[in-house]
Amino acid sequence: MTLLLGRRKFNLTLSQDYFLGILVAIPFSYPKEPLYWFGLSAFLLALPGLKIGKDATIRLVLVLLFLCMVIISNMISSYQESIQFFSIVGTFFTMSCFMFRYCLKSIDDFVSGFLLVAGIYTFLTFIAFLVLKPYQYGFDFFIESSYRMWAEGYLIEWPNVFCAFLVLGAYLNWIRCNGLLATLNILAAVLTTSRMAILAIAIFVLFLMLRPKIASKAISISLVVLVVAVVAFLVASNNEMFLDYISRRLFKTSDRAFIFNDMVTVFVDNIFGVGNISFSVINELFVSYHSSFLKVLIRYGLPGFLIFLLLIAPRNPFWNPGARENAPILFMLCIGLVQDMLLHIHLVIMYSVMLELRDAKMRTEGQRLTDKYSVEGYPRNE
């Protein structure tokens, strides 16, 4: 079956990669994380297809070096009584998933499978919004913690991880020139009340500004001017509801300030890491590191952190800054700064896939340039 999406045609067949895309889009854990059975199953099913080339070899070496640092940090940890063996095993599987991209035969099939589930999530979000009626609490359902969790228990990994999947669906639809579906994805993401949706929209506007088309720049500038005008009006009019959202939700950083201060102290005393311990061992008030990067730094030390940076770094990072394929990568790196979700097995797989999409676009543009200069009689010095 052939489906026309935007300006491209896709053959939707029940290939393994299509099925893997569906599995990766379902972050189901039982009885608790890191036992994400669908993501783990997707990785194990894909693993036999691993293709080892130059780039894959480099990434594999980085993964192995990182896993060595995981072992070393746990062996020398000053928190031996708090080391979680099960967490170490989870880290091994999670970091290995950075190799997922090299196991796929068809990136398009995988993305199509993922987008199928993202579309279902979008539909379910709108249905849940109408049935559960969080809007009856007014703007408070964006502010109050109890109201913000309005779909907890109904929609999987609500709200932050669920929102991240909706946002990735929006970016992938945008990359495929599927504007309507991308818009529906992002509207559903906003309804989750997660601040990730606002970040995603800001990144989208940024990439519109970076695109060469005058129309894109005009739209992005207009959106920025409109947002600034609305915010200025609400602040000037002393709108209590909006000011509450700003102070109590949008720019709330007090919890992360406490976490950061504690982690600085621990890092100074454990430069080679503390191993796989829960953050509650460091601070009883919190259970999350609230940052993928700081989590790696604290758990696996400075050497592990540097290897991690090399592992997630895109090839040729300054290539075509305005390319749509860069947007989801930037989004995932940003949420990795303030959440530890870049170490979520499903999002690690998606990050790996996003890097492959970016590299595929680079190869396509490189081939076009080669073809352009190989045409007989073409002036090669232009």
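The values are calculated or read from the model by the stated rules, or taken from the named source; none is laboratory data. The shown structure was predicted, so the numbers you read here are calculated from the model rather than taken from an experiment. For neighbour counting, all protein chains shown are included, and Cβ atoms are generated from backbone atoms with ideal geometry for every residue, glycine included.
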Filter segment 48-81 for residues that are in a helix (DSSP H, G or I), touching a helix residue (DSSP H, G or I) at 6+ places or on another chain (Cβ under 7 Å) and of a type in the set (A, V, I, L, M, F, W, C) and give the result.
-> 56, 60, 62, 63, 65, 66, 67, 69, 70
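Listed here are the residues, each with its yes/no results for (1) at pLDDT below 95; (2) under 18 Å from residue 101 (Cα atoms); (3) assigned to a helix (DSSP H, G or I).
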{"position": "320", "(1), (2), (3)": "yes, no, no"}
{"position": "329", "(1), (2), (3)": "no, yes, yes"}
{"position": "332", "(1), (2), (3)": "no, yes, yes"}
{"position": "336", "(1), (2), (3)": "yes, no, yes"}
{"position": "349", "(1), (2), (3)": "no, yes, yes"}
{"position": "352", "(1), (2), (3)": "no, yes, yes"}
{"position": "363", "(1), (2), (3)": "yes, yes, yes"}
{"position": "368", "(1), (2), (3)": "yes, no, yes"}
{"position": "372", "(1), (2), (3)": "yes, no, yes"}
May I ask you to verify whether residue 245 is at pLDDT 95 or above and among the aromatic types (Phe, Trp, Tyr)?
-> no
For segment 305-354, name all the residues that are small (Gly, Ala, Ser) and out of contact with any Pro (no Cβ under 9 Å at 6 or more places or on another chain).
-> 313, 323, 327, 336, 352
Search result, residues across segment 297-310 that are surrounded by fewer than 20 Cβ atoms within 10 Å (Cβ to Cβ) and touching a helix residue (DSSP H, G or I) at 6+ places or on another chain (Cβ under 6 Å) | 303, 310
Exactly one of (1) at pLDDT below 65; (2) part of a helix (DSSP H, G or I); (3) closer than 30 Å to residue 152 by Cα is unmet by residue 215. Its number?
-> (3)
Do we find that residue 292 is in contact with an Asp or Glu (Cβ under 7 Å, 6 or more places away or on another chain), at pLDDT 85 or above, under 24 Å from residue 196 (Cα atoms) and not basic (Lys, Arg) in this structure?
-> yes
Can you tell me which residues in segment 84-94 are crowded, with 20+ Cβ neighbours inside 10 Å and farther than 23 Å from residue 16 by Cβ?
-> 91
When every residue in segment 101-154 that is of a type in the set (S, T, N, Q) and surrounded by 13 or more Cβ atoms within 10 Å (Cβ to Cβ) is compared, the one farthest from residue 183 (Cα to Cα) is 106
